[in-house]
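Scroll down for the structure; my scribbles are underneath it.
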Amino acid sequence: MQQHPILTTVIGSYPFPSWLEHASQRLDDFGPDDIAEMQDDAVTAAVMDQVRAGLDVVTDGEQSRFDFNLSFYAFLEGIERQHEAGRRYGPPAHDQRGRHQIIGEIAAPRGLGVVDEFHRLQRLAPQGVQLKASIPGPYTLAGRIAPGGAYADRYAVTEALIPIVSDELVRLVDAGCTMVTVDEPSMSCYAYREDTGRLVDIFNRTVAAVHGRCYLGSHLCFGNYKGRAVAPRSYQPMFPDFLELTVDEIHVEMASREFSELEVIEQIGERMDVGVGVIDVKNYYIETPDDVLRRIERCLDFVPADRLSVSPDCGLSQTARWASRQKLENMVAGAVKARDSV
């Protein structure tokens with residue numbers, strides 16, 4: 001169960017400071033100590049923005065990653081990374097991200113780097129703040145690897161990634177992480193055309209070694225690359241099968257969809273805690289505390305306050321930092337109003 005009613009948190013990512021955006025395009029100009037210092041500074045900035053907003057649970061903002069999942073491929077052996085996609089210009093879309101080629105057996109002997117990220121967060125976050133780490137699931141990671149060689153299709157690539165992600169989760173929990181989100185946006189994006197039972201089985205085998213050892217959640221959304229979705233934005237194809245995910249919380253994106261299908265949280269809430277996105281990360285309208293209060297009140301028609309957490313719809317990495325800060329501050333203010341009225 002939650003620490004207290006209507007917990008406030010974020011999904012994982014947070015916008016880079018402008019200086020980090022600039023430096024990340026010129027990493028060859030810096031030495032390893034310079035880069036480590038920049039990572040520390042960026043994580044400190046992201047954490048303090050969240051702390052000042054008043055969040056109950058904070059992350060490192062994924063400040064040492066390129067996008068929420070693209071950095072992980074640098075840790076994988078057996079693939080040849082493609083740095084350039086086929087289309088470089090024009091309106092942003094998912095085809096502007098490259099796919100990596102398989103050249104051998106997929107492995108990650110150094111892990112995926114999430115444990116090091118968490119150690120940095122532990123070192124830099126203020127004492128007493130609840131910390132959360134996020135990691136993409138194997139089906140989502142498989143999406144940027146082109147099948148080939150011994151791996152005939154996306155599912156074969158996914159099977160190779162399951163033990164890699166699972167081992168990273170074990171090391172993460174062993175390092176003291178008590179709240180973990182396994183993000184599987186590809187599962188939610190493609191549930192309309194895939195075998196949802198098979199997707200659930202993949203997820204549950206991935207998290208089996210840490211289930212019961214931490215507060216485990218999963219974020220289900222429809223994509224947010226450059227503020228764009230990539231799938232039919234309906235939760236209907238996922239349920240009831242996704243109720244069998246072995247997690248403590250399922251988070252769903254609602255604000256950008258005008259709270260369509262909000263009733264699905266009642267089904268989720270009968271099994272586990274519910275995270276609801278009450279802030280639209282694709283919109284530069286800054287929600288007021290009263291907006292947030294009204295949205296939370298709608299959620300409370302379906303789930304009790306002690307099973308509800310609120311956050312933005314998705315990671316904030318695609319939203320400008322000035323807007324992210326204000327959206328988070330207003331989200332917390334609205335949640336406090338709702339909490340006081342429960």
Option label - Rg/Rh (Cα atoms, Kirkwood Rh) computed here, alternatives [x] 0.98; [y] 1.12; [z] 0.94:
[z]
Per DSSP, the loop-located chymotrypsin sites (Phe, Trp or Tyr not before Pro) within region 166-239 having at most 10 other beta carbons within 10 Å are none
Contact order normalised by length for region 7-341, with contacts defined as Cα pairs under 8 Å and 6 or more residues apart; what percent is it?
19 percent
Among the lysines in the chain, how many pairs, 8 or more places apart or on different chains, have alpha carbons under 21 Å apart?
5
For the chain, percent of DSSP beta bridges that are antiparallel (nearest 5) comes out at 15 percent
Relative intensity, log₁₀ I(q)/I(0), of region 22-79 from a Debye sum that treats every alpha carbon as a point, q = 0.15, 0.16, 0.17 Å⁻¹:
-0.56, -0.63, -0.69
Placing unit charges on C-beta atoms (Lys and Arg positive, Asp and Glu negative, everything else neutral), compute the dipole magnitude of region 7-341 about its Cα centre in debye, rounded to 20.
540 debye
Gaussian network model of the chain, Cα within-10 Å springs - most flexible of H219, H119, H251:
H119
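No value in this document is a laboratory result; all are computed from the given coordinates. The shown structure was predicted, so the numbers you read here are calculated from the model rather than taken from an experiment. We place every Cβ from the backbone using ideal geometry, glycine too, and count neighbours over all the protein chains shown.
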